[in-house]
Amino acid sequence: DITEAVKRGAGAGVVTDRLNELVREVGELATESLIGVDRIATIVRSLKGMARNRPHERELFNVTKAVQEAVMFFRGARQSRDAIQCELPNELMAWGDDGGLGQVVLNLMGNAYDAMGKKGPIVVRAESDAKHVRILIADKGPGIPESVRNHIFEPFFTTKDIGEGTGLGLYISHSIVRQMGGTLTFETSSEGT
(Lines give C-alpha, C1' and ligand atoms only; values in the text may rest on other atoms or scores of the structure.)
Protein backbone atom coordinates (compact mmCIF):
# COMPACT_ATOMS: atom_id res chain seq x y z
CA ASP A 1 0.00 0.00 0.00
CA ILE A 2 2.59 2.51 1.09
CA THR A 3 5.10 1.60 -1.65
CA GLU A 4 2.36 2.00 -4.26
CA ALA A 5 1.36 5.38 -2.81
CA VAL A 6 4.96 6.59 -3.01
CA LYS A 7 5.32 5.28 -6.60
CA ARG A 8 2.12 7.13 -7.56
CA GLY A 9 3.61 10.28 -6.12
CA ALA A 10 1.12 10.60 -3.31
CA GLY A 11 1.83 13.39 -0.89
CA ALA A 12 3.50 12.91 2.47
CA GLY A 13 0.14 13.38 4.21
CA VAL A 14 -1.40 10.39 2.41
CA VAL A 15 1.60 8.21 3.20
CA THR A 16 1.63 9.35 6.85
CA ASP A 17 -2.11 8.70 7.20
CA ARG A 18 -1.71 5.19 5.79
CA LEU A 19 1.27 4.51 8.08
CA ASN A 20 -0.73 5.68 11.10
CA GLU A 21 -3.61 3.44 10.09
CA LEU A 22 -1.29 0.44 9.74
CA VAL A 23 0.29 1.11 13.13
CA ARG A 24 -3.19 1.26 14.70
CA GLU A 25 -4.21 -2.03 13.01
CA VAL A 26 -1.00 -3.76 14.13
CA GLY A 27 -1.63 -2.51 17.69
CA GLU A 28 -5.17 -3.90 17.65
CA LEU A 29 -3.95 -7.25 16.32
CA ALA A 30 -1.22 -7.41 18.97
CA THR A 31 -3.74 -6.63 21.72
CA GLU A 32 -6.15 -9.30 20.45
CA SER A 33 -3.27 -11.80 20.23
CA LEU A 34 -2.18 -11.08 23.81
CA ILE A 35 -5.76 -11.52 25.05
CA GLY A 36 -5.94 -14.85 23.20
CA VAL A 37 -2.62 -16.01 24.65
CA ASP A 38 -3.79 -15.04 28.14
CA ARG A 39 -7.04 -17.00 27.67
CA ILE A 40 -5.10 -20.06 26.49
CA ALA A 41 -2.77 -19.80 29.49
CA THR A 42 -5.77 -19.64 31.83
CA ILE A 43 -7.30 -22.71 30.20
CA VAL A 44 -4.04 -24.65 30.45
CA ARG A 45 -3.58 -23.69 34.12
CA SER A 46 -7.15 -24.81 34.86
CA LEU A 47 -6.65 -28.11 33.08
CA LYS A 48 -3.33 -28.71 34.85
CA GLY A 49 -5.04 -28.02 38.17
CA MET A 50 -7.72 -30.55 37.35
CA ALA A 51 -5.16 -33.13 36.25
CA ARG A 52 -3.51 -33.12 39.68
CA ASN A 53 -4.92 -35.65 42.07
CA ARG A 54 -4.79 -33.94 45.46
CA PRO A 55 -6.32 -36.38 47.93
CA HIS A 56 -3.71 -35.45 50.55
CA GLU A 57 -5.08 -31.90 50.55
CA ARG A 58 -8.53 -32.97 51.74
CA GLU A 59 -9.12 -31.63 55.19
CA LEU A 60 -11.92 -30.61 57.49
CA PHE A 61 -12.94 -27.05 56.61
CA ASN A 62 -15.72 -24.57 57.25
CA VAL A 63 -17.98 -24.64 54.20
CA THR A 64 -19.75 -21.46 55.31
CA LYS A 65 -16.47 -19.55 55.39
CA ALA A 66 -15.40 -20.87 51.97
CA VAL A 67 -18.75 -19.89 50.43
CA GLN A 68 -18.72 -16.46 52.10
CA GLU A 69 -15.23 -15.77 50.74
CA ALA A 70 -16.32 -16.75 47.23
CA VAL A 71 -19.39 -14.50 47.52
CA MET A 72 -17.24 -11.59 48.75
CA PHE A 73 -14.82 -12.06 45.85
CA PHE A 74 -17.70 -12.29 43.37
CA ARG A 75 -19.33 -9.13 44.68
CA GLY A 76 -16.06 -7.24 44.39
CA ALA A 77 -15.25 -8.55 40.92
CA ARG A 78 -18.75 -7.86 39.57
CA GLN A 79 -19.13 -4.64 41.58
CA SER A 80 -22.58 -5.72 42.62
CA ARG A 81 -23.59 -5.87 46.27
CA ASP A 82 -27.24 -6.76 45.64
CA ALA A 83 -26.70 -9.59 43.18
CA ILE A 84 -26.43 -12.29 45.85
CA GLN A 85 -28.67 -13.28 48.74
CA CYS A 86 -26.93 -15.62 51.20
CA GLU A 87 -28.70 -18.06 53.47
CA LEU A 88 -25.83 -19.71 55.32
CA PRO A 89 -25.50 -21.27 58.76
CA ASN A 90 -22.80 -19.84 61.07
CA GLU A 91 -20.63 -22.90 60.66
CA LEU A 92 -20.91 -25.92 58.41
CA MET A 93 -17.99 -28.34 58.42
CA ALA A 94 -17.05 -30.84 55.70
CA TRP A 95 -14.06 -32.78 54.39
CA GLY A 96 -12.61 -31.57 51.14
CA ASP A 97 -10.76 -28.70 49.54
CA ASP A 98 -11.96 -25.23 50.57
CA GLY A 99 -10.19 -23.55 47.62
CA GLY A 100 -11.74 -25.98 45.18
CA LEU A 101 -15.17 -25.41 46.68
CA GLY A 102 -14.64 -21.66 46.37
CA GLN A 103 -13.85 -22.07 42.68
CA VAL A 104 -17.01 -24.14 42.18
CA VAL A 105 -19.17 -21.53 43.90
CA LEU A 106 -17.59 -18.73 41.83
CA ASN A 107 -18.19 -20.64 38.58
CA LEU A 108 -21.82 -21.36 39.44
CA MET A 109 -22.54 -17.78 40.57
CA GLY A 110 -20.94 -16.48 37.37
CA ASN A 111 -23.14 -18.70 35.23
CA ALA A 112 -26.24 -17.66 37.18
CA TYR A 113 -25.33 -13.98 36.91
CA ASP A 114 -24.75 -14.25 33.17
CA ALA A 115 -28.01 -16.20 32.70
CA MET A 116 -29.94 -13.33 34.29
CA GLY A 117 -28.37 -10.67 32.12
CA LYS A 118 -25.84 -9.59 34.76
CA LYS A 119 -28.51 -8.91 37.37
CA GLY A 120 -29.65 -10.67 40.49
CA PRO A 121 -30.70 -11.94 42.75
CA ILE A 122 -28.74 -15.15 42.98
CA VAL A 123 -29.63 -17.19 46.06
CA VAL A 124 -26.75 -19.02 47.73
CA ARG A 125 -27.80 -21.43 50.45
CA ALA A 126 -26.00 -24.15 52.42
CA GLU A 127 -27.50 -26.83 54.61
CA SER A 128 -26.62 -30.22 56.00
CA ASP A 129 -28.06 -33.40 57.41
CA ALA A 130 -26.28 -36.15 59.32
CA LYS A 131 -24.30 -37.31 56.24
CA HIS A 132 -24.30 -34.59 53.61
CA VAL A 133 -23.64 -30.94 52.99
CA ARG A 134 -25.67 -29.33 50.21
CA ILE A 135 -24.92 -26.00 48.57
CA LEU A 136 -27.64 -24.53 46.41
CA ILE A 137 -27.06 -21.72 43.95
CA ALA A 138 -30.30 -20.58 42.34
CA ASP A 139 -31.15 -17.97 39.72
CA LYS A 140 -34.33 -16.72 38.09
CA GLY A 141 -32.94 -16.80 34.57
CA PRO A 142 -34.57 -18.42 31.55
CA GLY A 143 -33.34 -21.92 32.43
CA ILE A 144 -31.02 -24.25 30.57
CA PRO A 145 -32.39 -25.17 27.13
CA GLU A 146 -33.26 -28.85 26.85
CA SER A 147 -31.05 -29.19 23.77
CA VAL A 148 -27.87 -28.49 25.77
CA ARG A 149 -28.63 -30.08 29.15
CA ASN A 150 -26.76 -33.31 28.38
CA HIS A 151 -23.63 -31.38 27.37
CA ILE A 152 -23.13 -28.76 30.09
CA PHE A 153 -20.48 -30.73 32.00
CA GLU A 154 -18.42 -31.49 28.86
CA PRO A 155 -15.07 -29.71 28.48
CA PHE A 156 -15.11 -26.69 26.13
CA PHE A 157 -18.91 -26.77 25.75
CA THR A 158 -20.38 -23.29 26.06
CA THR A 159 -23.51 -21.45 25.03
CA LYS A 160 -21.79 -18.09 25.48
CA ASP A 161 -20.58 -15.95 22.61
CA ILE A 162 -17.01 -16.30 21.37
CA GLY A 163 -14.70 -14.56 23.80
CA GLU A 164 -17.26 -14.71 26.63
CA GLY A 165 -16.57 -18.17 28.03
CA THR A 166 -14.11 -21.03 27.81
CA GLY A 167 -16.56 -23.87 28.28
CA LEU A 168 -14.52 -25.12 31.23
CA GLY A 169 -16.33 -23.70 34.27
CA LEU A 170 -18.92 -26.44 34.71
CA TYR A 171 -16.51 -29.16 33.62
CA ILE A 172 -13.96 -28.09 36.22
CA SER A 173 -16.63 -27.58 38.87
CA HIS A 174 -18.05 -31.04 38.23
CA SER A 175 -14.57 -32.56 38.51
CA ILE A 176 -13.73 -30.72 41.75
CA VAL A 177 -16.98 -31.78 43.41
CA ARG A 178 -16.49 -35.37 42.27
CA GLN A 179 -12.91 -35.40 43.65
CA MET A 180 -14.33 -34.35 47.02
CA GLY A 181 -16.77 -37.28 46.93
CA GLY A 182 -19.82 -35.24 45.98
CA THR A 183 -22.11 -34.72 43.04
CA LEU A 184 -23.01 -31.65 41.04
CA THR A 185 -26.54 -31.65 39.67
CA PHE A 186 -29.06 -29.13 38.41
CA GLU A 187 -32.77 -28.55 38.19
CA THR A 188 -33.97 -26.09 35.60
CA SER A 189 -37.13 -24.62 34.16
CA SER A 190 -38.20 -21.44 32.41
CA GLU A 191 -38.27 -19.83 35.86
CA GLY A 192 -34.63 -20.45 36.71
CA THR A 193 -31.90 -22.97 37.48
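The values are calculated or read from the model by the stated rules, or taken from the named source; none is laboratory data. Values in this document were obtained by computation on a predicted structure and should not be read as measured data. Please note: Cβ atoms are built from the backbone with ideal geometry, for glycine as well, and neighbour counts cover all protein chains shown. These area figures cover heavy atoms from the full protein model, side chains too; ligands, DNA and RNA do not enter into them. Shrake-Rupley method; radii C 1.70, N 1.55, O 1.52, S 1.80 Å.
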Q. Name the trypsin sites (Lys or Arg not before Pro) in region 113-190 that are in a loop by DSSP and that have at most 16 other C-beta atoms within 10 Å, would you?
A. K118, K119, K131, K140, K160
Q) Given a 1.4 Å probe and the protein chains all in place, what does the accessible area of D98 round to, in Å² to the nearest 10? A) 70 Å²
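Where the accessible area of region 52-175 is counted over protein heavy atoms with a 1.4 Å probe, how much of it, in %, is carbon and sulfur?
Working: 3680 of 7610 Å².
That fraction is 48 percent.
Just to confirm a number: summing +1 for Lys and Arg and -1 for Asp and Glu over residues other than V148 whose beta-carbon lies under 13 angstrom from that of V148, what do you get? Intermediate results must be reported in sequence, preceding the final value.
On the way: positive: R149, K160; negative: E146, E154.
Result for the local shell: 0.
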Q: Keeping all protein chains in place, calculate the accessible area per residue for region 53-193 (probe 1.4 angstrom), answer in Å².
A: 62 Å²
Q. If you keep only loop residues by DSSP, which GluC sites (Glu not before Pro) in region 88-193 have at most 13 other Cβ atoms within 10 Å of their Cβ?
A. E91, E164, E187, E191
Q: Could you tell me which chymotrypsin sites (Phe, Trp or Tyr not before Pro) in region 101-193 are loop residues by DSSP with no more than 11 other beta carbons within 10 angstrom of their beta carbon?
A: F156
Q. What's the lysine pair count for region 111-183 at a Cα cut-off below 29 Å, pairs eight or more apart or interchain?
A. 5
Q: Mind grabbing the accessible area of T185 for me, 1.4 Å probe, Å², rounded to tens?
A: 110 Å²
